[in-house]
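The values are calculated or read from the model by the stated rules, or taken from the named source; none is laboratory data. For clarity, every value in this text was computed on a predicted model and none was experimentally measured. Ligands, DNA and RNA are stripped out before the accessible areas are found, and what is left, the full protein with its side chains, is counted by its heavy atoms. Shrake-Rupley method; radii C 1.70, N 1.55, O 1.52, S 1.80 Å.
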Amino acid sequence: MPGSTNGSTKAMGALTVGGLVLVTAYTVALGSNGWLWFGWVVLGLLTLALAVTQA
């Protein structure tokens, strides 16, 4: 059904948003870490790819 997402896509989206919150908090508290941001971008791209393939 168009516009609907399954449980794995929602879980991956929640993980991506949670990862963004954690990486941002780490950056504010301890300074930027390029590897953390790189990992978050990769996670975001994987989430986007999952959402597109489920649509």
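Points to keep in mind about this one:
- Per residue accessible area of the chain, 1.4 Å probe, in Å²: 73
- Rounded to the nearest 500, the 222 nm mean residue ellipticity of the chain from helices alone is -28500 deg cm²/dmol, with -39,500 (n - 2.57) taken per DSSP H run of at least 4 residues.
- Among the listed options (i) 1.11; (ii) 2.51; (iii) 1.30, the one matching Cα Rg over 2.2 N^0.38 Å as calculated from these coordinates is (iii).
- Apportionment of accessible area to carbon and sulfur, the chain, percent (1.4 Å): 77
- Crossing angle, helix 34-54 versus the chain [Cα axis fit, 0-90 degrees, rounded to tens]: 10
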